[in-house]
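Enquirer: Submitted below is the structure of interest, expressed as structure tokens.
The values are calculated or read from the model by the stated rules, or taken from the named source; none is laboratory data. The model shown is predicted, which means the values in this text are computed figures rather than measured ones. Heads up, the Cβs are rebuilt from the backbone with ideal geometry, glycines too, and the neighbour counts pull from every protein chain shown.
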Amino acid sequence: MFSRTYYLINSVLFIAPLVLGASYTQSDSLTGTGFLESFSYQAIPDPTNGRVNYVDATTAAENNLTYASGNHFVLRADSGSVLNPNGPGRNSVRIQSNEQYMTSFLPMSFLRSLWVLASTFVHMPQGCGTWPAVWTVGEDWPNNGEIDVLEGVNDQGPNQATLHTSAGCTMPASRIEKGNAVLNDCNTAVNSNAGCGVKFVDTTSYGPTFNQYGGGWYALEMTDSAIKVWFWSRSDTTVPSEVSGGSTNVDTDNWGEPTAYFPSTSSGCNIASKFGPQNIVINRGDWAGNVYAASGCPSTCVDFVNNNPSAFEDAYFDFEWLKIYAA
Ligand SMILES: *[C@@H]1O[C@H](CO)[C@@H](O)[C@H](O)[C@H]1NC(C)=O
């Protein structure tokens, strides 16, 4: 009797979610103008103090800083103006999803979060002084976590995927992933908020090399047991067809070893308690100078951004689609 009861509870509470684990169904698919409907412009001073001025929807449209048509959603920086050194930074765009992503089937904490974000795009910003990012963030930063899926500066590839959390979240030094762990403490209060990052090995994951191969696919899976990031270049024949084709149903178990793997562990990091509902953010910023010279860029970052508008002609994202999947 007792063991039978135990088994039933066990199968409902623990076995079912494991079975559901890796299969997802598309809940949202954005292309072209869909991005404009599902994201809001954040006309805010740059929280990272870069030489950038994030504009509102009207200014972005007037200046063609965002452009949506067919399967193109372009997000770019101004490349026409020389800036007054005493004025605001270079006009650019930062948008945040109106929805927060987190799936709940049952009011149980371990099923709270289970979703996948997959995106394909053909071009990302390149050039000195550019700091593009595709990332997600919870409210009351850093208490609900931040996941940087794509981020880098000044054309310095490959990509790095990074988590930022409140204190008490560390990653195991050794784990199965294609990239290389940089730092393992995700706490924003240490290491100057470097977070726990995984540097990719694949040079096609970022900047001019990414663009040269016609872009690629990035995917993020967030469950309470792990956060995983995958990347496939458009030239990578191992990309799962369900990813390249943007299938309605995907199974992340078929996607192979993740490029970055951040597991939930009892001694290191409880992903469920460190990561709440996430908004997706896409921005094209300007790096606040400290790695600027080290990247082989001319002049100083601020002078360069002020005086070289044409250097920002390639500083744009061009997204084909972004899809959200839920289990
Ligand atoms: C706006 O940008 C798009 C994408 O780069 C381009 O195709 C279009 O010609 C631009 N429109 C204007 C008016 O410059």
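Enquirer: So, in segment 79-105, of the ones that are more than 11 Å from the ligand (Cβ to nearest atom), in a loop (DSSP other than H, G, I, E, B) and of a type in the set (Ser, Thr, Tyr), which residue ends up farthest from the chain's Cα centre (by Cα)?
Expert: The residue in question is Ser81.
Enquirer: Turning to a different aspect of this structure: Please pick out the residue among Thr223, Thr237, Thr209 that is polar (S, T, N, Q), away from the ligand (no atom under 16 Å from the Cβ) and under 27 Å from Gly138 (Cα atoms).
Expert: Answer to the check: Thr223.
Enquirer: Any chance segment 241-256 includes a residue that's under 16 Å from Gly179 (Cβ atoms) and not small (Gly, Ala, Ser)? Explain how you work it out, then say what you get.
Expert: Residues of segment 241-256 that are under 16 Å from Gly179 (Cβ atoms), as a first pass: 255-256.
Restricting the remaining residues to those that are not small (Gly, Ala, Ser) gives 255.
Yes.
Enquirer: Across segment 249-263, which residue is farthest from Asp28 (Cα to Cα) among those that are at pLDDT below 95 and among the β-branched types (Val, Ile, Thr)?
Expert: The selected residue is Thr252.
Enquirer: Another question, if that's okay. Out of Ser81, Ser11, Ser104, Ser109, I need the residue that is surrounded by fewer than 18 Cβ atoms within 10 Å (Cβ to Cβ), at pLDDT below 75 and in contact with a helix residue (DSSP H, G or I) (Cβ under 6 Å, 6 or more places away or on another chain). Which one?
Expert: Exactly one of Ser81, Ser11, Ser104, Ser109 is surrounded by fewer than 18 Cβ atoms within 10 Å (Cβ to Cβ), at pLDDT below 75 and in contact with a helix residue (DSSP H, G or I) (Cβ under 6 Å, 6 or more places away or on another chain), namely Ser109.
Enquirer: Now for a separate question. Pull out all pairs, ordered by first then second residue, where Cβ-Cβ is under 6 Å, the residues are six or more apart or on different chains, the first lies in segment 75-97 and is closer than 14 Å to Gly129 by Cβ and without any contact (Cβ under 8 Å) to a residue 60 or more places away in the chain, and the second is assigned to a loop (DSSP other than H, G, I, E, B) and within 16 Å of the ligand (Cβ to nearest atom).
Expert: Asn91/Val55; Asn91/Asp78
Enquirer: Out of the residues in segment 296-327 that are closer than 18 Å to Asp155 by Cβ and of a type in the set (Phe, Trp, Tyr), which is farthest from the ligand (Cβ to nearest atom)?
Expert: Residue satisfying both the conditions and the ranking: Phe304.
Enquirer: Being more than 20 Å from Pro309 (Cα to Cα) and more than 13 Å from the ligand (Cβ to nearest atom) is the filter; apply it to segment 57-78 and report the residue that is surrounded by the fewest Cβ atoms within 10 Å (Cβ to Cβ).
Expert: It comes out as Thr58.
Enquirer: Looking at Thr204, Thr238, Thr209, Thr265 in this structure, which one is out of contact with any strand residue (DSSP E or B) (no Cβ under 8 Å at 6 or more places or on another chain) and over 27 Å from Met102 (Cβ atoms)?
Expert: Working: Thr204 fails: out of contact with any strand residue (DSSP E or B) (no Cβ under 8 Å at 6 or more places or on another chain); Thr238 fails: out of contact with any strand residue (DSSP E or B) (no Cβ under 8 Å at 6 or more places or on another chain); Thr265 fails: over 27 Å from Met102 (Cβ atoms).
Exactly one residue qualifies, and that residue is Thr209.
Enquirer: Identify the residue in segment 43-56 that is touching a residue at least 60 places away in the same chain (Cβ under 8 Å) and under 21 Å from the mean Cα position of the chain (by Cα) and, among all such residues, is surrounded by the most Cβ atoms within 10 Å (Cβ to Cβ).
Expert: Taking segment 43-56 as the starting set, the residues that turn out to be touching a residue at least 60 places away in the same chain (Cβ under 8 Å) are 46, 48-52, 54.
So of that shortlist, the ones also under 21 Å from the mean Cα position of the chain (by Cα) come out as 46, 48-50, 52, 54.
Details: Asp46: 19, Thr48: 13, Asn49: 12, Gly50: 25, Val52: 28, Tyr54: 25.
Among those residues, the one meeting the criterion is Val52.
Enquirer: Sticking with this structure for a sec: Consider segment 152-181. How many of its residues are under 19 Å from Thr136 (Cβ atoms) and among the β-branched types (Val, Ile, Thr)?
Expert: 2
Enquirer: Can I ask one more? Taking the options Ser29, Ser40, name whichever one is within 20 Å of Pro132 (Cα to Cα), part of a strand (DSSP E or B) and more than 16 Å from the ligand (Cβ to nearest atom).
Expert: Being within 20 Å of Pro132 (Cα to Cα), part of a strand (DSSP E or B) and more than 16 Å from the ligand (Cβ to nearest atom) holds for just one of Ser29, Ser40, which is Ser40.
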